[in-house]
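**Student:** First the structure, then my questions, so here it is.
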Amino acid sequence: AQSVTQPDIHITVSEGASLELRCNYSYGATPYLFWYVQSPGQGLQLLLKYFSGDTLVQGIKGFEAEFKRSQSSFNLRKPSVHWSDAAEYFCAVGIMNSGGYQKVTFGTGTKLQVIP
Amino acid sequence: DARVTQTPRHKVTEMGQEVTMRCQPILGHNTVFWYRQTMMQGLELLAYFRNRAPLDDSGMPKDRFSAEMPDATLATLKIQPSEPRDSAVYFCASGSSAPGETQYFGPGTRLLVL
């Protein structure tokens with residue numbers, strides 16, 4: 001079964017600083033990879049996803065993520081963080097299972113705090 | 001702007017009562033997911049429907065939880081009887097069932113069982 005690890009439970013960055021959120025997965029092949037963001041009191045919203053092609057993926061709100069097969073990682077980055085980026089970020093992996101549908105496993109999330 | 005809607009947004013009930021949560025998926029989406037989110041367990045998949053048929057409900061406690069899709073525009077999650085440990089935020093999401101599909105989440109139902 002696939003698994004997802006987000007090693008950082010909580011990260012604090014200054015507004016304007018760069019950001020990198022880590023995500024590692026465990027699966028025998030390359031799964032579909034996602035980053036979702038959850039603002040307080042809201043549902044999750046897709047930031048970006050990867051399933052083939054260019055390993056550097058651009059998403060909404062200025063985020064990007066890089067798939068590194070050798071490291072089984074899919075880290076999320078943003079060059080300059082804005083206060084509105086304060087939220088919880090979830091990495092997720094999806095695989096097509098024997099039932100013919102995509103099973104998605106979410107990581108435990110990283111809470112981002114942005115300070116002035 | 002198509003969105004997943006969920007009702008109610010908040011629910012406070014007493015232990016033993018029945019709770020029904022409703023979800024309207026995005027029109028045209030044929031997959032529906034129910035998740036439960038708690039501080040301790042994070043985001044857990046409870047049930048997955050495609051074309052209104054349940055494909056995976058292995059994450060759902062069968063003795064008290066049930067999920068249905070009476071029609072393509074309505075999904076329901078019921079808890080009977082409810083217990084304090086069911087207190088959580090319940091999310092519905094919908095998608096298109098394509099490989100690598102994006103899941104579109106509703107705003108959630110925050111349930112508190114006293």
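**Student:** Select from segment A:59-101 the residues that are of a type outside the set (A, V, I, L, M, F, W, C), in contact (Cβ under 8 Å) with a residue 24 or more places away in the chain, surrounded by 14 or more Cβ atoms within 10 Å (Cβ to Cβ) and closer than 19 Å to A:S39 by Cα and list them in ascending order.
**Tutor:** Selection gives A:G59, A:R77, A:K78, A:D85, A:E88, A:Y89.
**Student:** Inside segment B:53-89, can you point out the residues that are within 14 Å of chain A (Cβ to nearest Cβ), open to solvent by 40 Å² or more (accessible area, probe 1.4 Å) and not hydroxyl-bearing (S, T, Y)?
**Tutor:** Listed by number, the residues that qualify are B:A53, B:P54, B:L55, B:D57.
**Student:** Turning to a different aspect of this structure: Do we find that B:P61 is under 15 Å from the mean Cα position of the chain (by Cα) and either of a type in the set (A, V, I, L, M) or modelled with pLDDT under 95 (or both) in this structure?
**Tutor:** Yes.
**Student:** Scan segment B:23-42 and report the pairs whose first residue is open to solvent by less than 40 Å² (accessible area, probe 1.4 Å) and whose second residue is acidic (D, E), with Cβ atoms within less than 6 Å and a gap of 6+ or a chain change.
**Tutor:** What qualifies is B:R36/B:E44.
**Student:** How many residues, within segment A:17-50, are farther than 29 Å from B:W34 by Cβ and surrounded by fewer than 16 Cβ atoms within 10 Å (Cβ to Cβ)?
**Tutor:** The number of residues fulfilling the criteria is 3.
**Student:** Kindly indicate the residue of segment A:1-60 that is hydroxyl-bearing (S, T, Y), outside any loop (DSSP other than H, G, I, E, B) and within 14 Å of A:T105 (Cα to Cα) and also nearest to the other protein chains (Cβ to nearest Cβ) among those meeting that condition.
**Tutor:** By that ranking, first place goes to A:Y32.
**Student:** Something else now. Can you pull out the residues in segment A:26-80 that are among the aliphatic types (A, V, I, L, M) and under 24 Å from A:S14 (Cβ atoms)?
**Tutor:** Within segment A:26-80, A:V37, A:L47, A:L48, A:I60, A:A65, A:L76 qualify.
**Student:** Would you pick out the residues in segment B:90-108 that are open to solvent by 10 Å² or more (accessible area, probe 1.4 Å) and facing chain A (nearest Cβ under 9 Å)?
**Tutor:** B:S97, B:A98, B:P99, B:T102, B:Y104, B:F105, B:P107
**Student:** Still on this structure, please answer the following. Identify, by number, the condition in (1) surrounded by 15 or more Cβ atoms within 10 Å (Cβ to Cβ); (2) closer than 25 Å to B:S97 by Cα that A:G53 doesn't meet.
**Tutor:** (1)
**Student:** In addition: Being farther than 21 Å from A:Y101 by Cβ, within 13 Å of chain A (Cβ to nearest Cβ) and out of contact with any Gly (no Cβ under 8 Å at 6 or more places or on another chain) is the filter here; which residues of segment B:2-47 pass it?
**Tutor:** Once the filter is applied, which keeps residues that are farther than 21 Å from A:Y101 by Cβ, within 13 Å of chain A (Cβ to nearest Cβ) and out of contact with any Gly (no Cβ under 8 Å at 6 or more places or on another chain), segment B:2-47 yields B:H10, B:T38, B:M39, B:M40, B:Q41.
**Student:** Considering only strands (runs of 3 or more DSSP E) fully contained in segment B:3-114, which possess at least 2 residues that are of a type outside the set (D, E, K, R) and farther than 28 Å from A:L48 by Cα?
**Tutor:** Result: B:10-13, B:19-24, B:65-71, B:74-79, B:109-113.
The values are calculated or read from the model by the stated rules, or taken from the named source; none is laboratory data. The model shown is predicted, which means the values in this text are computed figures rather than measured ones. Glycine gets a Cβ as well: all are built from the backbone with ideal geometry, and neighbour counts include every protein chain shown. Ligands, DNA and RNA are stripped out before the accessible areas are found, and what is left, the full protein with its side chains, is counted by its heavy atoms. Shrake-Rupley method; radii C 1.70, N 1.55, O 1.52, S 1.80 Å.
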